[in-house]
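Chemist: The structure that follows is given in the form of structure tokens.
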2 protein chains.
Amino acid sequence: MIKTTKSLIYLMILALMLLATLPGWAQKKYVMVIHGGAGTILKANMTPAKEADYREALTLALKTGYDALKAGKSSMDAVEVTIHTMEDSPLFNAGKGAVFTHDGKNEMDAAMMDGKTQMAGAVAGVTTIRNPISAARAVMEKSEHVMMVGQGAEQFAKQAGLKIVPPSYFYTKDRWDGLQRAIKQDSVKAVLDHVSKKSNLLGIKNRDDKFGTVGAVALDQAGNLAAGTSTGGMTNKKYGRVGDAPIIGAGTYANNETAGISATGWGEFYIRNVVAYDISAMMEYKKMSLQDAAAAAIEKVGKMGGDGGLIALDRAGNVAMPFNTAGMYRGTVTEDGEIEVLIYK
Amino acid sequence: MIKTTKSLIYLMILALMLLATLPGWAQKKYVMVIHGGAGTILKANMTPAKEADYREALTLALKTGYDALKAGKSSMDAVEVTIHTMEDSPLFNAGKGAVFTHDGKNEMDAAMMDGKTQMAGAVAGVTTIRNPISAARAVMEKSEHVMMVGQGAEQFAKQAGLKIVPPSYFYTKDRWDGLQRAIKQDSVKAVLDHVSKKSNLLGIKNRDDKFGTVGAVALDQAGNLAAGTSTGGMTNKKYGRVGDAPIIGAGTYANNETAGISATGWGEFYIRNVVAYDISAMMEYKKMSLQDAAAAAIEKVGKMGGDGGLIALDRAGNVAMPFNTAGMYRGTVTEDGEIEVLIYK
């Protein structure tokens, strides 16, 4: 009798183990990874209150994404609602908290990509769209284009029914003060450049104050990856500068066969290295692991003199979050609901 | 005596063979490759006069690039002056011959990349810069940025001392008539879309009339590669649409270790496939030849439903010019001065 019960229990364990190896079971796995920007984020410069604010905002973002994934929503849906919470927070350089351009405007960029179809959408230099990530998605889903810029993109977003706000919505005192500091520092640099032989019409010396981006990558219950990135760009930026965030392949990329990636950092280096797609290419062509490919991509940026970080997620649920700065706001949540939020190294 | 002379001759031949294998000798090789757009270019639709015009313009472009390379100029210089001739011609959809947007404007994009340094520059949505390719180069060389869009980019170009023209400079009757045809065709399509379930705010049915881009890739005597692309985008484009031409990694890429690439075609597919960098990645990571990598990249575009072509050149002087359309304006010239111009398959 006891022997039969034992045998039955063994059999049940065996059956469960077999079940767990089936693709359908394995793909019940779902993951959300986010970042809120990389830079000189040092514990020494952080107040406990400020750190608590960031942890709370990152936790809210992850919880929002988790709820969507748990409810069976697509990774595209989960990425979009997760990024909304960060765009609506004044803490991150995206949406509400976007930094100011030299002319005192908030010009935002965003991109999304669907790993299942490799469909993608992006907007750059928009000033009136409350949630630029949704505009990027609308470009992907409601047009035959991938990228729209400036007033044209705003007109499209309006026709697509997105929330339009007056540019004043994006005013925050913190970012305005940041612009004043940057103008002061940059003008000192401009004078120095004027003296130096090689004249630079632009300077990026105080870059730690300047960058910051939000992003999310999700794996849904159907096993599909999606990635999104949203940013206010660079404090005191001039001349309609566009960074890597809205560039498919540079700051944002997703492909079910390899990985979903969202980057943050000194955008110019990410564009020149085609960072996001490079990770996918190293995985596909060199058969590198997600971890190794993500680390190699950040190493290349560093060797060239750039800095920043990125988040990457593959279909098996592996996560990589490398960065070569002092810190990166980041976090993950998996199907068990356990939320992890990290800031420093 | 005869024996000694013979031995001497053998020795000299041997010495010359050794010399030829030295990098310095081998790199006296120089090559210029250009394209003037891919599409439904059929001999049946071409008048002999029109074909002669195109052949003449392509020959001028190649001759200009050849002269620069022969004079020992850098591949960056050669690509720039070569593209100038095509931008200044009304025949190509770039600069003077740029197509019209829905609003009757000429909005141009361009990018350049230096294979030696992987420095890059790009502009998008500019309307007053006579030679957008030079603006792209100025962004690379005179700013710390990679990409600038719209009025900001124009302001920068002006400060950088580039030729600024009134928007009317870009008017050509041919392109204006093309816009009227496209508006008519697109509005028919818009009505059809309205009836269909999935509403598309934009349609690209008559794409053969719509695309076209110019590009050049050069290998100079110092063994450095450079690539550039310039375009007026898409006839009747709306909403500040940006294609692949100014996207580093999509329409333009250069790296001495792999290849220089300039693409032309249905830009959205080139962005989603990160076509230009993908060729470089296949060469670096899969050790594919330039020919195989270029062919594979066009095949991927085709599989996804897109069409177009590209030119690619590696440091050994190998050239690939694949396309999956009926024709592509293209040509090459090497250090022997022999110019080859091709249009059809």
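The values are calculated or read from the model by the stated rules, or taken from the named source; none is laboratory data. These numbers come from a predicted model, not from an experiment. We place every Cβ from the backbone using ideal geometry, glycine too, and count neighbours over all the protein chains shown. Only protein heavy atoms, including side chains, enter the accessible area calculation; ligands, DNA and RNA are left aside. Shrake-Rupley method; radii C 1.70, N 1.55, O 1.52, S 1.80 Å.
Chemist: Of all the residues that make up segment B:238-255, how many are within 19 Å of B:Ala136 (Cβ to Cβ) and more than 14 Å from the chain's Cα centre (by Cα)?
Modeler: Residues meeting the conditions: 4.
Chemist: Before we move on, is A:Ser262 over 18 Å from A:Leu290 (Cβ atoms), open to solvent by less than 10 Å² (accessible area, probe 1.4 Å) and either assigned to a loop (DSSP other than H, G, I, E, B) or at pLDDT 75 or above (or both)? Spell out how you get there, then give the answer.
Modeler: Details: over 18 Å from A:Leu290 (Cβ atoms): no; open to solvent by less than 10 Å² (accessible area, probe 1.4 Å): yes; either assigned to a loop (DSSP other than H, G, I, E, B) or at pLDDT 75 or above (or both): yes.
Against the criterion (over 18 Å from A:Leu290 (Cβ atoms), open to solvent by less than 10 Å² (accessible area, probe 1.4 Å) and either assigned to a loop (DSSP other than H, G, I, E, B) or at pLDDT 75 or above (or both)), A:Ser262 does not qualify.
Chemist: Ok, one more. Since A:Ala111 meets every condition but one in (1) more than 13 Å from A:Ala216 (Cβ to Cβ); (2) within 14 Å of chain B (Cβ to nearest Cβ), which condition does it not meet?
Modeler: (1)
Chemist: Then there is this: Restricting to helices (runs of 4 or more DSSP H) lying wholly in segment B:17-92: which have 1 or more residues that are of a type outside the set (Val, Ile, Thr) and at pLDDT 90 or above?
Modeler: Per the criteria, B:48-70, B:75-87.
Chemist: Would you please list the contacts, defined by Cβ atoms under 7 Å and residues six or more apart or on different chains, that run from a residue in segment A:136-160 that is more than 10 Å from A:Val123 (Cβ to Cβ) to a residue that is of a type in the set (Phe, Trp, Tyr) and open to solvent by 10 Å² or more (accessible area, probe 1.4 Å)?
Modeler: If the second residue must be of a type in the set (Phe, Trp, Tyr) and open to solvent by 10 Å² or more (accessible area, probe 1.4 Å), the pairs left are A:Gln155/B:Tyr239.
Chemist: Between A:Arg272, A:Arg330, A:Arg315, which is within 15 Å of the chain's Cα centre (by Cα), among the charged types (D, E, K, R) and either under 30 Å from A:Glu56 (Cβ atoms) or open to solvent by 10 Å² or more (accessible area, probe 1.4 Å) (or both)?
Modeler: A:Arg330
Yes or no, residue by residue, for (1) of a type in the set (S, T, N, Q); (2) over 19 Å from the mean Cα position of the chain (by Cα):
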position	(1), (2)
A:Ala44	no, yes
A:Thr47	yes, yes
A:Glu51	no, yes
A:Leu62	no, no
A:Ala71	no, yes
A:Thr82	yes, no
A:Pro90	no, no
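Chemist: Quick test of your reading of the structure: B:Lys142 fulfils all but one of (1) open to solvent by less than 10 Å² (accessible area, probe 1.4 Å); (2) facing chain A (nearest Cβ under 7 Å). Name the failing condition by number.
Modeler: (1)
Chemist: Right, something else. I need the full set of residues from segment A:78-92 which are buried (at least 24 other Cβ atoms within 10 Å of the Cβ), more than 11 Å from A:Ala68 (Cβ to Cβ) and not hydrophobic (A, V, I, L, M, F, W, C), in order please.
Modeler: Within segment A:78-92, A:Glu87 is the sole residue that qualifies.
Chemist: With respect to B:Gly233, is the statement that it is within 12 Å of chain A (Cβ to nearest Cβ) and either touching a Leu at 6+ places or on another chain (Cβ under 8 Å) or open to solvent by less than 10 Å² (accessible area, probe 1.4 Å) (or both) true?
Modeler: Answer is yes for this residue.
Chemist: Only residues that are touching a Lys or Arg at 6+ places or on another chain (Cβ under 8 Å) and under 26 Å from B:Gly65 (Cα atoms): list them for segment B:294-315, please.
Modeler: Of everything in segment B:294-315, those that are touching a Lys or Arg at 6+ places or on another chain (Cβ under 8 Å) and under 26 Å from B:Gly65 (Cα atoms) turn out to be B:Gly309, B:Ile311.
Chemist: Which of the residues belonging to segment B:78-98 are of a type in the set (A, V, I, L, M) and under 16 Å from B:Pro246 (Cα atoms)? Steps first, please.
Modeler: Within segment B:78-98, the first condition is being of a type in the set (A, V, I, L, M), and the residues that meet it are B:78-79, B:81, B:83, B:86, B:91, B:94, B:98.
Of everything in segment B:78-98, those that are of a type in the set (A, V, I, L, M) and under 16 Å from B:Pro246 (Cα atoms) turn out to be B:Val79, B:Ile83, B:Ala94, B:Ala98.
Yes or no, residue by residue, for (1) of a type in the set (Asp, Glu); (2) over 26 Å from A:Tyr30 (Cβ atoms); (3) out of contact with any strand residue (DSSP E or B) (no Cβ under 8 Å at 6 or more places or on another chain); (4) touching a residue at least 40 places away in the same chain (Cβ under 8 Å):
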position	(1), (2), (3), (4)
A:Val214	no, no, no, yes
A:Ala226	no, no, no, yes
A:Thr231	no, no, no, yes
A:Asp244	yes, yes, no, no
A:Gly249	no, no, yes, no
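Chemist: Then there is this: Is it the case that segment A:162-182 has a residue that's open to solvent by less than 10 Å² (accessible area, probe 1.4 Å), over 26 Å from B:Lys142 (Cβ atoms) and not in a helix (DSSP H, G or I)? If you could, list the steps in order and put the result at the bottom.
Modeler: Going residue by residue through segment A:162-182, those that are open to solvent by less than 10 Å² (accessible area, probe 1.4 Å) are A:170, A:179, A:182.
Those left that are additionally over 26 Å from B:Lys142 (Cβ atoms): A:170.
Narrowing the set further to residues that are not in a helix (DSSP H, G or I) leaves none.
The answer is no, given that none of the residues of segment A:162-182 is open to solvent by less than 10 Å² (accessible area, probe 1.4 Å), over 26 Å from B:Lys142 (Cβ atoms) and not in a helix (DSSP H, G or I).
Chemist: Within segment A:94-109, is even one residue surrounded by 19 or more Cβ atoms within 10 Å (Cβ to Cβ) and over 30 Å from B:Gly125 (Cβ atoms)?
Modeler: No, segment A:94-109 has no match at all.
Chemist: Then there's this: Which one is most open to solvent (accessible area, probe 1.4 Å), of the residues in segment A:290-307 that are closer than 28 Å to A:Met76 by Cβ and more than 14 Å from every other protein chain (Cβ to nearest Cβ)?
Modeler: Applying the filter and picking the extreme gives A:Gln291.
Chemist: Working only within segment A:145-160, note down all residues that are open to solvent by less than 10 Å² (accessible area, probe 1.4 Å), in contact with a Leu (Cβ under 7 Å, 6 or more places away or on another chain) and part of a helix (DSSP H, G or I).
Modeler: A:Phe156
Chemist: Still on this structure: Within segment B:117-139, which residues are more than 10 Å from chain A (Cβ to nearest Cβ) and part of a helix (DSSP H, G or I)?
Modeler: Across segment B:117-139, the qualifying residues are B:Pro132, B:Ile133, B:Ser134, B:Ala135, B:Ala136, B:Arg137.
Chemist: Follow-up question, since we're still on this one. Would you check if there is a residue in segment B:93-116 being part of a loop (DSSP other than H, G, I, E, B) and under 14 Å from the mean Cα position of the chain (by Cα)?
Modeler: Looking for residues that are part of a loop (DSSP other than H, G, I, E, B) and under 14 Å from the mean Cα position of the chain (by Cα), one finds at least one in segment B:93-116, hence yes.
Chemist: While we're on this one: Quick one: in segment B:249-259, which of the residues that are over 14 Å from B:Val217 (Cα atoms) and open to solvent by less than 10 Å² (accessible area, probe 1.4 Å) is farthest from the other protein chains (Cβ to nearest Cβ)?
Modeler: B:Ala250
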